[in-house]
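The values are calculated or read from the model by the stated rules, or taken from the named source; none is laboratory data. All figures in this text were calculated on a predicted structure; none of them were measured in a lab. Cβ sites come from the backbone with ideal geometry, for glycine too, and all protein chains shown count toward neighbours.
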Amino acid sequence: MAEEAPPEVGRRIRELRERKGLSLRTLAEQSGLSVNAVSLIERGQSSPTVSTLHRLAAALGVRIVDLFGPEETARVVYVRAGERGQTQTPGALVESLGTGLAGQRIEPFVVTLDAGASGGEPITHGGQELVLGLAGRVDYTVDGRTYRIGEGDALLFEASLPHYWCNPTWEAARFLLVLEAMQGHGAPLLSHMEA
């Protein structure tokens, strides 16, 4: 049984879809998802993968962080630890560290990978990517070379290089993931995890 998506993510997707005047069917077609899948996500009855969140964000013409909260034009964004926008995807908890900054050029997340969780096939996307190990170990493979990221280790790379992550251990791993927000909204960022 799929874990439920946090209702605010589903509500936010529905809000953005309605604001743009898109039907459920149109959003499904533009994101490459089924109408049923989008409907379940909007109602908080299905957990979207990071890939699905990227597809929905691209189809809606927004950044993925915009799915975690309203778009704003703030000069300062403060997020308390217990108030982070988050979604539970298969194998991982993804928490947004902030969105809504005017001209925001980064998309910061804390990712908690379950033991044995994997990103599957290598992916590419525009921009740059930063990974900082917070706890446990995550293996990041970039352009065929694997980097073991432990607490305090950092990895910075061009995201156009094929890359994926996995947690090869029996313990959960946590890391900071910072994606470069692409110029404008809706730049196609592909998944970091497929269920």
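Being on the phi < 0 side of the Ramachandran plot, outside any strand (DSSP E or B), surrounded by 17 or more Cβ atoms within 10 Å (Cβ to Cβ) and not small (G, A, S) is a description that applies to T99.
Comparison of T89, T73 shows that the only residue that is at pLDDT below 90 and not assigned by TED's automatic domain parsing to the domain that holds F175 is T73.
Counting residues in the stretch 106-114 that are touching a residue at least 40 places away in the same chain (Cβ under 8 Å), within 27 Å of L67 (Cα to Cα) and in contact with a Cys (Cβ under 9 Å, 6 or more places away or on another chain) gives one or more. Being of a type in the set (D, E, K, R) and in contact with a Cys (Cβ under 9 Å, 6 or more places away or on another chain) is the filter here; which residues of the stretch 116-160 pass it? D139, the sole residue that qualifies.
Would you confirm whether or not the stretch 162-170 contains a residue that is assigned by TED's automatic domain parsing to the domain that holds G100, at pLDDT 95 or above, among the polar types (S, T, N, Q) and closer than 19 Å to E95 by Cα? Within the stretch 162-170, one or more residues are assigned by TED's automatic domain parsing to the domain that holds G100, at pLDDT 95 or above, among the polar types (S, T, N, Q) and closer than 19 Å to E95 by Cα.
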